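Here the structure is laid out as structure tokens; the discussion comes afterwards.
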Amino acid sequence: MTKYSPDVFKTCLAGEKIAVFCGPLANKFIFSNEGTLVTYWLPQSVATSLSYKKIDSNTQSGKPTHDVSYKFLKPDSIQHYVAIVHSMTQHHLDKFWAPFHQVKAYTLAKEFTFALSCRVLVNSSNPSLDQVRQLAEPFFLLVQGIFSVPIYLPGTPYYKAVKGGKLVKERLVDIIKQRKREMAEKNEYNDSNDRDLLGCLLVDSHKNGMFLSEEEIASKIIGLMFAGFYPTSTTIAFMLKNLAEHPDIYDKVLKEQSEIAQLKGQGETLTWTDVQKMKYSWNVICETMRLTSPVPGNFREVLSDFTFVGFDIPKGWKVHWSLYATHNNPTYFPEPEKFDPSRFEGNGPAPYTFVPFGAGPRMCAGKEFARIEMLVFLHNVVTRFRLKRVNPKEKIICNPDPIPTEGLPIHLQPHVI
Ligand code: HEM
């Protein structure tokens, strides 16, 4: 930025010439020129590990609004998931938190988010633990190596990621085949609110006579599993870290969540309306995503030559729009290293400075689902436990999302509201 401009600079990443877009003007430019000057692009390691080539072309440019998986994630379709997320969170906390004085919050957030993804994406009833475990092992290999240098040699993270991706796909194909058989036997092609994404895809292809192959369905599911898993679990973990470090902010969240909990009857579940009331808690989550962006930004490919702030960007170059460039920049967020949810009060940050979910036609399709997942988890944790970090000096590394090296151990102090 010092050499070229605060808005854009050039570099080389993974063998590609990359223009890094850095500020609100740059973000707006990318989000407004989707499908005309720039289009979706993924580094080779990500595309191969996720079998991205096999995904139909409507995900490559413009907004794939007709895709069933995008419709599945729209707010009116996912509202009923609040109750499911609530009951899965309670079960998770009863089993993996309540019996212990200390837990590894990062490790558990990963396990919880993955089990929830399995529930939402491939299983209409409670996912059998074995099935989740069988998918989890190769999936975690995929996640660990997906952003690595693409050297396909035994032992490299990339090799493990590709192998992991293939195994997840094979296991998903088995699940899809079994589900297809069950639906055909029962002739069960009705819309049901409780359906998972796989159910929706199978019902839709049956109704429209557009049969997707098992591999195509598996590719869609892996794509969503990955897109939804790592930013959500990372944000949950870091939101717990921030609450453990800031008792004053924890108390404000607890006040908001207690007021919601006290209006509920014994055993009554949270609803979509309750989630809308969690305004301060959402500010805390936004500040967590600002301070520790779970996603560093994303990539595009240049479709035709253009000029941006006086710099010519040629066709074929790749573009990376960077979240850190605004989220951690004192020009837009004074004292950027300070955790301060009040930044999101009133009108909040200036346009295009806070874009954890992107914006424009390719904005995160799972934003509302992520909001439900994170807020419902937060509600259940604060209404049951006070939190304190075991090692405030624990090292955080980036790969490229932030990872606490000890798994974020946290002391739990149970309480009743
Ligand atoms: C804290 C949680 C999350 C964050 C911060 C996040 C962030 C992002 C970002 C930055 C993008 C790229 C936008 C762009 O390239 O312009 C994206 C895309 C996407 N996300 Fe998320 N995401 C989250 C959770 C989820 C969840 C839970 C799902 C699904 C279950 C999901 C599904 C997707 C999909 C399908 C895309 C691709 C959209 C497209 O290209 O049309 N995300 N997300």
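The values are calculated or read from the model by the stated rules, or taken from the named source; none is laboratory data. Nothing here was measured: the structure is a model prediction, and the numbers come from that model. Please note: Cβ atoms are built from the backbone with ideal geometry, for glycine as well, and neighbour counts cover all protein chains shown. Surface areas here come from the heavy atoms of the whole protein model, side chains and all, with no ligands, DNA or RNA. Shrake-Rupley method; radii C 1.70, N 1.55, O 1.52, S 1.80 Å.
Counted over the stretch 8-414, the DSSP beta bridges are approximately 85% antiparallel.
Ordered from highest to lowest accessible area with the whole protein assembly present and a 1.4 Å probe, D204, D401 read as D204, D401. The order of the peptides 77-83, 265-271 by mean Cβ neighbours within 10 Å, most packed first, is 77-83, 265-271. When the residues F238, F100 are ordered by accessible surface, computed with a 1.4 Å probe over the protein chains alone, the sequence from largest down reads F100, F238. Using the Cβ-Cβ distance between H415 and A350 with R0 set to 41 Å, the FRET efficiency from 1/(1 + (r/R0)^6) comes to roughly 0.60. Screening the chain for whole DSSP H helices with an alpha carbon extent of at least 20 angstrom along the helix axis and a mean Kyte-Doolittle hydropathy of at least 0.0 yields 105-122, 129-145, 214-245, 367-382. Ligands, DNA and RNA left out, the accessible area of the chain computed with a 1.4 Å probe is 55% carbon and sulfur. Summary of packing: across the peptides 360-368, 103-111, the per-residue average of other C-beta atoms within 10 Å ranks them, highest first, as 103-111, 360-368. Checking every one of the chymotrypsin sites (Phe, Trp or Tyr not before Pro) in the stretch 119-181 against DSSP loop status and a limit of 16 other Cβ atoms within 10 Å picks out Y152.
Residues whose amide H lies under 5 Å from that of R386, counting only those 5 or more places away or on a different chain, are Q413, H415; hydrogens are built 1.01 Å from N in the peptide plane. Dividing the convex hull volume of the alpha carbon atoms of the chain by its residue count gives 152 Å³ per residue. Normalised by the number of residues in the stretch 8-414, the average gap of Cα pairs under 8 Å and 6 or more apart makes the relative contact order 28 percent. For the chain, the per residue solvent-accessible surface stands at 46 Å², with DNA, RNA and ligands left out and a 1.4 Å probe. Highest-first packing order for the peptide set 90-99, 322-331, 213-222 is 213-222, 322-331, 90-99, based on the mean count of other beta carbon atoms within 10 Å.
For the chain, the 222 nm mean residue ellipticity estimated from helices alone, with every DSSP H stretch of n ≥ 4 adding -39500 (n - 2.57) and the total spread over all residues, rounds to -15000 deg cm²/dmol.
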